[in-house]
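Peer 1: Below is the structure I would like to discuss, written out as structure tokens.
The values are calculated or read from the model by the stated rules, or taken from the named source; none is laboratory data. A quick note: this is a predicted structure, and the numbers were derived from the prediction, not measured. For neighbour counting, all protein chains shown are included, and Cβ atoms are generated from backbone atoms with ideal geometry for every residue, glycine included. Heavy atoms of the whole protein, side chains included, go into the accessibility calculation; ligands, DNA and RNA do not. Shrake-Rupley method; radii C 1.70, N 1.55, O 1.52, S 1.80 Å.
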Amino acid sequence: MDVSDYFGSIAPLGFAPDSDGLAFRHYDEGEIVLGKPMKDHLRFAVAYWHSFGWEGGDPFGGRTFDRPWFPADTMALAEARADAAFGFFRILGAPYFCFHDHDVRPEGASLTESRDRLNRIADIFQHKMEAGGPKLLWGTANLFSNRRYMSGAATNPDPDVFAYAAATVRDCLDVTQRLGGENYVLWGGREGYETLLNTDLGKELDQMGRFLSMVVDYKHRIGFKGAILIEPKPQEPTKHQYDYDVATVYGFLRRYGLEDEVKVNIEQGHAILAGHSFEHEISLANALGIFGSIDMNRNDQQSGWDTDQFPNNVPEVALAYYEILKGGGFTTGGTNFDSKLRRQSLDAEDLVAAHAGAMDVCARGLKAAAKMLEEGRLEAARDARYAGWQGQAAQAMLAPGARLEEIADAAVARGLDPQPVSGRQEQLENLVNRYV
């Protein structure tokens, strides 16, 4: 099927601040920010599943989008979708893309057929990538859509499902390595439970820990140099997800001795569902040494689920990039737009405009974050708040061997009566608003 003309009338986007058409108004990929090009800070990626697999449905109605490669349930349609995707990548100029195996090929009648189909699409990807297409930020396996995964993949009570998932991840990791992927993501999906009445929680955690350990071992055996990432995902679709948030994932990694092997891919929408801010999850991941990458999107604050809209809130994005830059920036990770059009946005131009606008929002946020970090006023306020801990006596309280009773006796002898000091929250919020 020839879909070469689907995006054919749209020219590649350029940086044109005064344009009224499809263009970047803030994202200038070569602009130097904190010593390196903006492109290298942001490391944008297009999500294959939402951009080319999303059909515009919702819980109350089916497909609204009319794309020539839908429903992509044959290899011919899957190949047509690949042609369309790489045509879109050319227009957008994003340096990366991401995919699940289920996004790029229809599932076969057996594991062998599914693997062969995945490799056939990977051949097409490899050819297009070598011809100037984007690089692969990460690959992953869909271990949640098929009904076999209704009770989880690694955590499933059926060992055959565990084995099937292992074969699927092995094949996807092989393809990710072949395509030069810089990360591999384990997106839990259904790794959780709905009721304790039929759940052995401890057993399921041990299964999940063993599965992840085997993935890490396999990564090293095949020489995959990328990072293994877990994406925290609360509430959806199971009420009690084992990968609920960054703190939960870190506790899990520590329990199974994987904290030095696995990092996190943090999604804005998932952070909100967990009751956190995006910047909180990023900051905590950096503090724990497990920050890897981000999925950039936004939620509808009036809805109780993950709506995966394109980001449009510069202040919110700026605080996220501030924490990323403060932590040293991305290494293998990047900014993946795990975002989808609204079901009424039907046209090819809508997909281009959505990404272009989101990239501009991120560019504005990055520049604001860089300026905040460069001028150092937020960090100076933080340093001043904790300045008392720099003293010798304060440091001694935290040193190995310090005893509670000695600290208590010293406090009594000094007649301590500490008084509260303002946290200056509103003043700092006003300061941030000057940048964004």
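Peer 1: What number of residues within segment 158-182 satisfy the criterion of being touching a residue at least 40 places away in the same chain (Cβ under 8 Å) and either over 22 Å from F224 (Cα atoms) or of a type in the set (S, T, N, Q) (or both)? Before you say what the answer is, go through the steps one by one.
Peer 2: Taking segment 158-182 first, the residues touching a residue at least 40 places away in the same chain (Cβ under 8 Å) are 162, 164-182.
Next cut, either over 22 Å from F224 (Cα atoms) or of a type in the set (S, T, N, Q) (or both) only: 162, 168, 176-177.
Looking only at that region, the number is 4.
Peer 1: While we're on this one: Take segment 343-377 and flag every residue that is of a type in the set (D, E, K, R) and either open to solvent by less than 40 Å² (accessible area, probe 1.4 Å) or within 20 Å of the chain's Cα centre (by Cα) (or both).
Peer 2: Let us first name the residues in segment 343-377 that are of a type in the set (D, E, K, R), namely 343, 347, 349-350, 360, 364, 367, 371, 374-375, 377.
D360, R364 - these are the residues of segment 343-377 that are of a type in the set (D, E, K, R) and either open to solvent by less than 40 Å² (accessible area, probe 1.4 Å) or within 20 Å of the chain's Cα centre (by Cα) (or both).
The rows are residues; the columns are (1) closer than 20 Å to S283 by Cβ; (2) out of contact with any helix residue (DSSP H, G or I) (no Cβ under 8 Å at 6 or more places or on another chain).
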site	(1), (2)
A368	yes, no
R377	yes, no
A387	no, yes
E405	no, yes
Q425	yes, yes
E429	yes, yes
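Peer 1: Could I ask something else about it? Does F7 meet the test of being under 26 Å from the mean Cα position of the chain (by Cα) and not aliphatic (A, V, I, L, M)?
Peer 2: On the way: under 26 Å from the mean Cα position of the chain (by Cα): no; not aliphatic (A, V, I, L, M): yes.
Against the criterion (under 26 Å from the mean Cα position of the chain (by Cα) and not aliphatic (A, V, I, L, M)), F7 does not qualify.
Peer 1: Mind listing whichever residues of segment 299-354 are closer than 22 Å to G226 by Cα, hydroxyl-bearing (S, T, Y) and in contact with a Phe, Trp or Tyr (Cβ under 8 Å, 6 or more places away or on another chain)?
Peer 2: T335 - this is the single residue of segment 299-354 that is closer than 22 Å to G226 by Cα, hydroxyl-bearing (S, T, Y) and in contact with a Phe, Trp or Tyr (Cβ under 8 Å, 6 or more places away or on another chain).
Peer 1: Moving to a separate point now. Residues that are part of a helix (DSSP H, G or I), within 28 Å of E316 (Cβ to Cβ) and touching a strand residue (DSSP E or B) at 6+ places or on another chain (Cβ under 8 Å): does segment 376-394 have at least one? Working first, answer last.
Peer 2: Residues of segment 376-394 part of a helix (DSSP H, G or I): 377-385, 387-390, 392-394.
Checking which are within 28 Å of E316 (Cβ to Cβ) leaves us with 377-385.
From what is left, the residues that are touching a strand residue (DSSP E or B) at 6+ places or on another chain (Cβ under 8 Å) are none.
Within segment 376-394, not a single residue is part of a helix (DSSP H, G or I), within 28 Å of E316 (Cβ to Cβ) and touching a strand residue (DSSP E or B) at 6+ places or on another chain (Cβ under 8 Å).
Peer 1: Name the one entry in D66, D73, D83 that is part of a loop (DSSP other than H, G, I, E, B), open to solvent by 10 Å² or more (accessible area, probe 1.4 Å) and touching a residue at least 40 places away in the same chain (Cβ under 8 Å). Can you show your working first?
Peer 2: On the way: D73 fails: touching a residue at least 40 places away in the same chain (Cβ under 8 Å); D83 fails: part of a loop (DSSP other than H, G, I, E, B).
It is D66.
Peer 1: Given Y218, Y244, which one is open to solvent by 20 Å² or more (accessible area, probe 1.4 Å), in a loop (DSSP other than H, G, I, E, B) and within 21 Å of A153 (Cα to Cα)? Let's see the steps before the verdict.
Peer 2: Numbers: Y218 fails: in a loop (DSSP other than H, G, I, E, B).
Step by step, each of Y218, Y244 is checked, and only Y244 is open to solvent by 20 Å² or more (accessible area, probe 1.4 Å), in a loop (DSSP other than H, G, I, E, B) and within 21 Å of A153 (Cα to Cα).
Peer 1: Output the number of the condition that A380 fails; it satisfies all remaining conditions of (1) exposed (fewer than 11 other Cβ atoms within 10 Å of the Cβ); (2) in contact (Cβ under 8 Å) with a residue 60 or more places away in the chain.
Peer 2: (2)
Peer 1: Continuing with the same structure: Just one of F44, F89, F60 is out of contact with any Phe, Trp or Tyr (no Cβ under 7 Å at 6 or more places or on another chain) and either crowded, with 20+ Cβ neighbours inside 10 Å or aromatic (F, W, Y) (or both); which is it? Please lay out each step first, then the result.
Peer 2: Values: F44 fails: out of contact with any Phe, Trp or Tyr (no Cβ under 7 Å at 6 or more places or on another chain); F89 fails: out of contact with any Phe, Trp or Tyr (no Cβ under 7 Å at 6 or more places or on another chain).
Residue meeting the stated conditions: F60.
Peer 1: If I filter segment 411-436 down to residues being exposed (fewer than 10 other Cβ atoms within 10 Å of the Cβ) and within 17 Å of M372 (Cα to Cα), which single residue comes out as nearest to the chain's Cα centre (by Cα)? It would help to see each step written out before you state the result.
Peer 2: Here is the first cut: in segment 411-436, the residues exposed (fewer than 10 other Cβ atoms within 10 Å of the Cβ) are 412-422, 425-426, 433.
Add one more test, that the residue is within 17 Å of M372 (Cα to Cα), and what stays is 425-426, 433.
Working: Q425: 29, E426: 30, N433: 26 Å.
Checked segment 411-436; the qualifying residue nearest to the chain's Cα centre (by Cα) is N433.
Peer 1: Turning to a different aspect of this structure: What's the total number of residues in segment 177-215 that are at pLDDT 95 or above, open to solvent by 70 Å² or more (accessible area, probe 1.4 Å) and either over 21 Å from H100 (Cα atoms) or hydroxyl-bearing (S, T, Y) (or both)?
Peer 2: 7
Peer 1: Please state which one of F89, F15 is in contact (Cβ under 8 Å) with a residue 12 or more places away in the chain, within 30 Å of T331 (Cα to Cα) and within 23 Å of the chain's Cα centre (by Cα).
Peer 2: When all the criteria are applied, what remains is F89.
Peer 1: For segment 198-208, name all the residues that are in a helix (DSSP H, G or I) and more than 21 Å from the chain's Cα centre (by Cα). I'd like the intermediate steps shown before the answer.
Peer 2: At the first step, the residues of segment 198-208 found to be in a helix (DSSP H, G or I) are 198, 201-208.
Correct list: N198, L201, G202, K203, E204, L205, D206, Q207.
Peer 1: Here is a list of conditions, (1) open to solvent by 50 Å² or more (accessible area, probe 1.4 Å); (2) under 17 Å from the mean Cα position of the chain (by Cα); (3) under 23 Å from E204 (Cβ atoms); (4) at pLDDT 95 or above, and R255 meets all of them except one; can you say which number that is?
Peer 2: (2)
Peer 1: Out of (1) touching a residue at least 40 places away in the same chain (Cβ under 8 Å); (2) over 23 Å from Y164 (Cβ atoms); (3) open to solvent by less than 10 Å² (accessible area, probe 1.4 Å), what's the single condition that is false for E279?
Peer 2: All conditions are met except number (3).
Peer 1: For the subset of segment 112-151 comprising residues that are open to solvent by less than 20 Å² (accessible area, probe 1.4 Å) and in contact (Cβ under 8 Å) with a residue 60 or more places away in the chain, which member is farthest from the chain's Cα centre (by Cα)?
Peer 2: P134
Peer 1: Write out, first by first residue and then by second, each pair whose Cβ atoms fall under 6 Å of each other, whose residues are 6+ apart or on separate chains, and whose first residue, in segment 216-234, is acidic (D, E) while the second is modelled with pLDDT under 95 and crowded, with 16+ Cβ neighbours inside 10 Å.
Peer 2: Pairs found: E231/W187.
Peer 1: Select from segment 402-427 the residues that are outside any loop (DSSP other than H, G, I, E, B) and among the hydrophobic types (A, V, I, L, M, F, W, C) and list them in ascending order.
Peer 2: Residues satisfying the conditions are L404, I407, A408, A410, A411, V412, A413.
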